[in-house]
Amino acid sequence: MDHQLDVYPEPRNETPLFINEPWLTDKYLYKWGSKERGPEDQEDNIRVYVPLDLNREAILRRLQLVIEHYGESNEGNECGFNTDVDVLVEQIAIYDRIWYIRTMEESDRISNKQHSAKAISLVKEFVSLLESIPDGCAELFPYEIIERLKQEYEV
């Protein structure tokens, strides 16, 4: 979950944070493992930056929409479900890094704390929503993501 971020805080809501990772919004790039940072090499290419608000409510709302879209987790929708939720997990990682750096205390550096309190709280609710997905006999999803989040964020 490493992202190239400009983490130095700007005055709140005045300057946008640019993250050059188009796979966060283009499911095709994510699905096929292409996480290129530069523009596509096409003669007719136009690179557009789309604002993406990363806050607790927006991320949880997106997860709820994904859950409503797919319904129960089963073998037929497991791959798409997983891909959509993985993108949200990456959004949490960006949210976490920014808030960790903005609120990091000396005690956090000494204790090797790796995550912001805001992200830990968000992950708890995110995991709770994942655990509420009706089980339609999917083999892997959402179990692997839940375990990965619980281990990473110690929730």
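Details
- Evaluation of residue 127 against (1) within 23 Å of residue 19 (Cα to Cα); (2) without any contact (Cβ under 8 Å) to a residue 40 or more places away in the chain; (3) not charged (D, E, K, R); (4) not in a loop (DSSP other than H, G, I, E, B) (one fails), failing number: (1)
- Of the helices (runs of 4 or more DSSP H) lying entirely inside the stretch 38-123, those containing at least 2 residues that are at pLDDT below 90 and under 23 Å from residue 151 (Cα atoms) span 78-103, 106-111.
- Scanning the stretch 96-117 finds no residues that are in contact with a Cys (Cβ under 9 Å, 6 or more places away or on another chain), touching a residue at least 12 places away in the same chain (Cβ under 8 Å) and either surrounded by 18 or more Cβ atoms within 10 Å (Cβ to Cβ) or polar (S, T, N, Q) (or both).
The values are calculated or read from the model by the stated rules, or taken from the named source; none is laboratory data. Given the structure is predicted, the values throughout are model-derived calculations rather than measurements. For neighbour counting, all protein chains shown are included, and Cβ atoms are generated from backbone atoms with ideal geometry for every residue, glycine included.
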